[in-house]
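Throughout, read-outs are computed from the coordinates displayed, never taken from laboratory work. Small disclaimer: the values here were computed from a predicted structure and weren't measured. As a convention, Cβ positions derive from the backbone with ideal geometry for all residues, glycine included, and neighbour counts pool all protein chains shown.
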Amino acid sequence: MKRRHLYTLVAAATLVLSLPALAAGNSGGNGGAGGGNSGSRGGGNDGSGNQGNANAGAPPEAGTKGKSSQTGKSTKAGKTVAQQLTDRKQLSTQLGQLLPAGTDLQAAAAGFKNLGQFVAAVHVSNNLGIPFTDLKTRMMAGASLGTSIRALRPEVNATAEATKAQRQAKQDLAANR
């Protein structure tokens, strides 16, 4: 019984001593209960033996490469997937030819995590004859590309088709920088 009480006291003392380091967040400099260096953004060892979170106390956008405030999706250089397509005219033209005539490419791209995911989804739609809107709906609900293929075309090898589309997307992105 005494040993359990001792562990509780040690845990409480550790918590109390680590509170100043946690409260410091972005203050940088030396900090933490053991004299450890907390770093400029709260990272590093806080002296308790725990590695700090490099983004502790940082704004929600910190540490995410180009987080888009409109869609909440990570993008390159702070641009949405739709904005990246605007910058890459040749890629946009190529993808537009893979989608049904009259498809608004900007609207189709909205909500995707990154340009590669969107391009791969376009290829799957084209390769397998799956309506792009059906594929996008499943992916926006959180399903992976492979899971979405499996649900919409159970007769095909979803893993192989997803891999094929991802390879095509990688080639398209490399060719159209």
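The tail of the calculated P(r) for region 76-175 beyond 20 Å holds 30 percent of all Cα-Cα pairs. Among Leu145, Leu91, the order by Cβ neighbours within 10 angstrom, fewest to most, reads Leu91, Leu145.
Note on region 76-175: with charges restricted to the Cβ of Lys and Arg (+1) and Asp and Glu (-1), its dipole about the Cα centre is near 280 debye. Taking the number of Cβ atoms within 10 Å of each Cβ as an exposure proxy, the fewest-first ranking of Ser125, Ser92 is Ser92, Ser125. Taken over region 76-175, lysine pairs spaced eight or more positions apart, or on distinct chains, with alpha carbons under 18 Å apart number 9.
Fully extending the segment from Gln90 to Thr137 would add 14.3 nm, taking 0.36 nm per residue of separation and subtracting the current Cα-Cα distance.
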